Amino acid sequence: MLNKVICVIPVRMESSRFNGKPLSLYKGKTLIENAILNAKKLDFVDKIIVASGSDDNQIKLICKEQEVELLFQKEMYNSGSERLRGVREHYPDFETFMTIPIDEPSIDPLEVNRVYDEHGPFNGIVTLYSNFYNKGDVVNPNSCKIVMSGDRINYTSRAIIPSSKSGGYYSDLSVYKRHVGVFFFPSFLLFAFGDFLWKEDDNARIESLEQNNFLAQGLYAYKIRHNGFGIDIASDNRKLEERMVETYFKEKI
């Protein structure tokens with residue numbers, strides 16, 4: 001009998017905009033540690049591993065201290081979710097392979113638990129989305145916007161979608177959906193389609209958004225409450241901390 005869910009935390013040290021991001025600090029802990037601690041709060045997860053393309057001693061130490069396995073992958077991958085191809089070869093006895101990104105440390109694990117309780121286990125590729133916190137997040141080209149029909153994603157973009165007739169920002173924030181980069185892949189899809197799932201679609205390449213590769217197979221999304229944003233550059237760590245303090249006090253009023 002297959003185990004239920006393996007949670008994979010992809011780690012890549014090299015980045016054109018933020019080298020060493022996985023070891024940068026958010027609330028006094030590295031982004032890797034934050035992701036591991038969030039994953040440990042997911043009730044439906046049977047196993048947690050860190051999958052890294054970097055043979056880094058500090059990553060090894062963090063994994064040892066947190067008592068999670070580290071899988072070093074020499075292969076080159078274009079995205080965090082693509083690392084699952086190699087992970088499945090080492091851990092074939094799981095029904096679902098999920099990824100949790102290191103650059104969204106403010107994700108609430110209770111919200112992810114709720115989604116899995118309400119909709120899991122999943123038979124297709126599933127990701128998450130949230131409302132946008134403010135206009136600045138919507139117009140930020142680093143934030144991914146999604147358009148959906150029901151629970152199925154039609155398209156994702158860094159552009160402002162949907163847009164008004166004039167091609168600009170629509171004043172009602174509720175029409176926008178922000179992609180949150182948690183993914184769930186059923187094992188049978190990884191087995192059946194393998195490399196084909198990451199065969200680069202032109203839109204995925206142009207937008208630099210891996211999730212556009214999955215639209216043909218069916219990509220579904222469920223909403224979580226999430227006021228944070230993805231860390232993209234070094235100054236974002238502090239800005240995210242300030243955002244979460246601001247959010248906390250707003251909710252207390």
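Somewhere in the range 95-110, is a residue among the charged types (D, E, K, R), assigned to a loop (DSSP other than H, G, I, E, B) and either touching a Ser or Thr at 6+ places or on another chain (Cβ under 9 Å) or surrounded by fewer than 18 Cβ atoms within 10 Å (Cβ to Cβ) (or both)? It would help to see each step written out before you state the result.
Here is the first cut: in the range 95-110, the ones among the charged types (D, E, K, R) are 95, 103-104, 108.
Subset that is assigned to a loop (DSSP other than H, G, I, E, B): 103-104, 108.
Okay, now just the ones that are also either touching a Ser or Thr at 6+ places or on another chain (Cβ under 9 Å) or surrounded by fewer than 18 Cβ atoms within 10 Å (Cβ to Cβ) (or both), so 108.
Looking for residues that are among the charged types (D, E, K, R), assigned to a loop (DSSP other than H, G, I, E, B) and either touching a Ser or Thr at 6+ places or on another chain (Cβ under 9 Å) or surrounded by fewer than 18 Cβ atoms within 10 Å (Cβ to Cβ) (or both), one finds at least one in the range 95-110, hence yes.
Is it the case, given these coordinates, that residue 231 is crowded, with 17+ Cβ neighbours inside 10 Å, within 19 Å of residue 150 (Cα to Cα) and in contact (Cβ under 8 Å) with a residue 60 or more places away in the chain? If you could, list the steps in order and put the result at the bottom.
Working: crowded, with 17+ Cβ neighbours inside 10 Å: yes; within 19 Å of residue 150 (Cα to Cα): no; in contact (Cβ under 8 Å) with a residue 60 or more places away in the chain: yes.
When the stated conditions are applied, residue 231 does not pass them.
Exactly one condition in (1) closer than 29 Å to residue 15 by Cα; (2) outside any helix (DSSP H, G or I) is not met by residue 168; state its number.
The failed condition is (1).
Return yes or no: is residue 220 modelled with pLDDT of 90 or more and aromatic (Phe, Trp, Tyr)?
yes
Would you tally the residues in the range 154-197 being surrounded by 17 or more Cβ atoms within 10 Å (Cβ to Cβ), closer than 21 Å to residue 227 by Cα and touching a residue at least 40 places away in the same chain (Cβ under 8 Å)?
Of the residues in that region, 10 qualify.
Quick check on my filter: what residues within the range 72-94 are part of a helix (DSSP H, G or I) and surrounded by fewer than 18 Cβ atoms within 10 Å (Cβ to Cβ)?
Of everything in the range 72-94, those that are part of a helix (DSSP H, G or I) and surrounded by fewer than 18 Cβ atoms within 10 Å (Cβ to Cβ) turn out to be 86, 89, 90.
Hey, among the residues in the range 16-44 that are among the aliphatic types (A, V, I, L, M) and crowded, with 22+ Cβ neighbours inside 10 Å, which one's nearest to the chain's Cα centre (by Cα)?
Across the range 16-44, the extreme among qualifying residues is 35.
Filtering the range 198-210 down to residues that are assigned to a helix (DSSP H, G or I) and touching a residue at least 24 places away in the same chain (Cβ under 8 Å), which residue is nearest to residue 163 (Cα to Cα)?
Ranking the candidates gives 207 first.
Out of 44, 97, which single residue is under 11 Å from residue 9 (Cα atoms), modelled with pLDDT of 95 or more and touching a helix residue (DSSP H, G or I) at 6+ places or on another chain (Cβ under 7 Å)?
Result of the check over 44, 97: 97.
Please indicate, with yes or no, whether at least one residue in the range 175-195 is farther than 30 Å from residue 76 by Cβ and more than 15 Å from the chain's Cα centre (by Cα).
yes
So which residues in the range 1-53 are among the aliphatic types (A, V, I, L, M) and assigned to a helix (DSSP H, G or I)? If you could, list the steps in order and put the result at the bottom.
Our first condition is that a residue be among the aliphatic types (A, V, I, L, M); within the range 1-53, this holds for 1-2, 5-6, 8-9, 11, 13, 23, 25, 31-32, 35-37, 39, 42, 45, 48-51.
Scanning the range 1-53 gives 23, 31, 32, 35, 36, 37, 39.
Regarding residue 9, is this residue closer than 20 Å to residue 233 by Cα and of a type in the set (Val, Ile, Thr)?
It is true that residue 9 is closer than 20 Å to residue 233 by Cα and of a type in the set (Val, Ile, Thr).
Determine which member of the set 145, 177, 135, 165 is modelled with pLDDT under 90 and of a type in the set (Lys, Arg).
So the residue among 145, 177, 135, 165 that is modelled with pLDDT under 90 and of a type in the set (Lys, Arg) is 165.
Among the listed residues 182, 245, identify the single one that is among the aliphatic types (A, V, I, L, M) and in a helix (DSSP H, G or I).
245
The values are calculated or read from the model by the stated rules, or taken from the named source; none is laboratory data. A quick note: this is a predicted structure, and the numbers were derived from the prediction, not measured. As a convention, Cβ positions derive from the backbone with ideal geometry for all residues, glycine included, and neighbour counts pool all protein chains shown.
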